[in-house]
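Please read the structure below before turning to the comments.
The values are calculated or read from the model by the stated rules, or taken from the named source; none is laboratory data. Just so it is clear, the model here is predicted, and its values are computed rather than measured. Because the Cβ atoms are built from the backbone with ideal geometry, glycine has one as well, and the counts that use them run over all protein chains shown. With ligands, DNA and RNA removed, areas are computed over all heavy atoms of the protein, side chains included. Shrake-Rupley method; radii C 1.70, N 1.55, O 1.52, S 1.80 Å.
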Amino acid sequence: MTILKHSLAALIACTAFSAAASNHDRTVNPIGTGAHRVACSNVAQDPALIAQYGTPPEDFWEGKPANGQLRYISQILASPTTAVRFDVVVPNGGQFPQYGGTAVPHVGIVCFPTPATNTDPDYVLPQTGDRVPHMQPASTAPKLAPGRFPFIVFSHGLGGSPISPNYIDAMVELASHGYVVGAAFHGDARFSRIRLENLDDVTFLLTRFDEFVEMELMRPLAISALIDHLLAHPGFASAIDASRIGGFGISLGGQALANTMGAKLSQSLSRACRDTHKDPRIRATVGLVPYMGQSFMPAFCDDQQGVESMTNPYMAIAGTADTTAPIGLTREAVNRFGGSRYLVELEGVQHEYRQDMRADVFTWTVAFLNAYLGVESDPTAMARLIRMLTVTGGTGDMLTIDRHVPFALTNGETLVVEFYHPGLDHYFITGNPAEAEWVRGGGAGAWEATGSTFKAWLTSPPADAGTSPVCRFYGAYAGGPNSHFYTANAAECAWLRVVGGWWYEGTAFHIRPDASGACPDGLIAVDRAYNNGFVRNDSNHRFTTSASEMRETIRDGWSPNGTVMCSRP
């Protein structure tokens, strides 16, 4: 496995290669608010009930206990029969010491595209003054725009709520881009009083860690229960495309969605691992300043190993100055994700979401979600994401980790698999599934699969694919390198076959060649680097589609050869 060690400063210093690469080489303009008018479900609150309890409305939104009594938003709803309400059924077992075997009431909010003719008034939230646009009136059905939309489950930060300042704006922003967006009021304080901002309260953490874990485990259950509820809801089910479900999580919400997609959780102070509730319907997730633990307690078990079983795409957007969710823990986790993975670093940003971050955050978020959810209204999303490196203006952002795991194979495609030998410091690729299994099983020695792959055709590519055979050579001269070389360039292949020193082994696979130094939009570049090993009879080349891994290879002393092949995502 390749572990990237770079910082944002190191990446900025490496702009020469970035400018020449065809993956993640572009500075793009920020997107504006989406074209859809947005409305939200009913969360109206009764001022008399709020006054009766005598505590601020935010205490109810966040589930804070007050005066020895539980507070939750369900207690102050003005139109409870219209609001989105559902129960979370909690399994029996020691991991749920307080709520095991019970059904915990939850409230949700949904924001969605609505027709231009919707004139329902905005609802002004008590205390904060923030607005819920065109809120669904009591005893009416939600007014949804025609069609079926992808669904995004939104998970807020620890101790917050979907209608806390800036969070409701984020939900509305996503909905404006053509998503139905649903969020649960997690009410974390109902399960544990610890807050991420107060992790220095070590005594509480040591003595009540089981409650903290229970609170973490409740979130994936609530996320899944909300999806179940909305897919069966008479007002929302027909508007949701159940085959296109994604996630957007802030802080602990980013962790919760990773858990829901398969990441294991640190269940004890010894960093022991445990599975959480999983929901395979969630196909891709963005985590904004995602909480991935502290140095003394990584969120996903020892050395963040628990994320390796998570195979769906994840994009983390994290702040370099974040001390609550330290960027080092985020890098460590993202490097270990088993699926497509991206890390966008925001220079100087702390543990927060502010309106001046909007352009950066949602330009990346919409491109990523549209690409991996296959949003029909944005067929060029993957082509755009493949090329994005940074967004103009805003807070100063840069993509520092990228790895795309190819989509499902079609039309006779094969996966070209990369291996690494730590003793030789060599890389090797093969598109032959039988050979890949032989190498993976130790047949050729101590080669390790890096997880890096790209698509090609083993034989008989489609006539319109524009492919060429990739010639495979082996270093054959006496004392030469234990190394293979690959080229899709017919002239380079012919020259190597007559120059000597390399043994021609035939066609390795078929792929689209590149002769211009950049791939057409929509294809992902395969870049090549050389280890400068000729002087010591140790030549080796690396082929990868990851711009960040290529930068890391170059920082280790290899020379870039540029783009040499073009692959389908």
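Filtered by the rule that a residue be surrounded by 20 or more Cβ atoms within 10 Å (Cβ to Cβ) and of a type in the set (D, E, K, R), the range 389-437 gives ASP397, ASP402, ARG403, GLU413, GLU418. The residues listed here are THR467, THR459, THR507; of these, the one that is among the polar types (S, T, N, Q) and either in contact with an Asp or Glu (Cβ under 8 Å, 6 or more places away or on another chain) or modelled with pLDDT of 95 or more (or both) is THR507.
Screening ASN23, ASN29 for residues that are open to solvent by less than 20 Å² (accessible area, probe 1.4 Å), under 30 Å from ASN561 (Cα atoms) and modelled with pLDDT of 85 or more leaves exactly one candidate, ASN23. From the list PRO91, PRO56, PRO80, PRO65, the lone residue that is at pLDDT below 90 and either touching a Lys or Arg at 6+ places or on another chain (Cβ under 9 Å) or open to solvent by 30 Å² or more (accessible area, probe 1.4 Å) (or both) is PRO65.
Listed by position, the strands (runs of 3 or more DSSP E) enclosed by the range 275-388 that each have at least 1 residues that are out of contact with any His (no Cβ under 9 Å at 6 or more places or on another chain), modelled with pLDDT of 95 or more and surrounded by fewer than 20 Cβ atoms within 10 Å (Cβ to Cβ) are 282-288.
Just to check your reading of the model, which residue among GLY441, GLY445 is more than 30 Å from ASP360 (Cβ to Cβ), at pLDDT below 95 and over 27 Å from the mean Cα position of the chain (by Cα)?
Matching residue, one of GLY441, GLY445: GLY445.
Looking only at residues in the range 94-125 that are of a type in the set (Gly, Ala, Ser) and surrounded by fewer than 21 Cβ atoms within 10 Å (Cβ to Cβ), the one that is modelled with the lowest pLDDT is GLY94. Scan the range 548-555 and give yes if some residue there is open to solvent by 70 Å² or more (accessible area, probe 1.4 Å) and under 35 Å from the mean Cα position of the chain (by Cα), otherwise no. Yes, some residue in the range 548-555 is open to solvent by 70 Å² or more (accessible area, probe 1.4 Å) and under 35 Å from the mean Cα position of the chain (by Cα).
So, of the residues in the range 72-90 that are in contact (Cβ under 8 Å) with a residue 40 or more places away in the chain and assigned to a loop (DSSP other than H, G, I, E, B), which turns out to be nearest to THR140 (Cα to Cα)? Per the criteria, the residue is THR82.
SER176 satisfies every condition listed in (1) under 30 Å from HIS134 (Cα atoms); (2) surrounded by 24 or more Cβ atoms within 10 Å (Cβ to Cβ); (3) modelled with pLDDT of 95 or more except (2). Taking the criterion of being of a type outside the set (A, V, I, L, M, F, W, C) and crowded, with 22+ Cβ neighbours inside 10 Å, the residues of the range 234-261 that qualify are ARG244, GLY246, GLY247, GLY249, SER251, GLY253, GLY254, GLN255, ASN259, THR260.
Would you confirm, using the coordinates I've provided, whether ALA476 is hydrophobic (A, V, I, L, M, F, W, C), surrounded by fewer than 19 Cβ atoms within 10 Å (Cβ to Cβ), closer than 26 Å to PRO520 by Cβ and at pLDDT below 95? It is false that ALA476 is hydrophobic (A, V, I, L, M, F, W, C), surrounded by fewer than 19 Cβ atoms within 10 Å (Cβ to Cβ), closer than 26 Å to PRO520 by Cβ and at pLDDT below 95.
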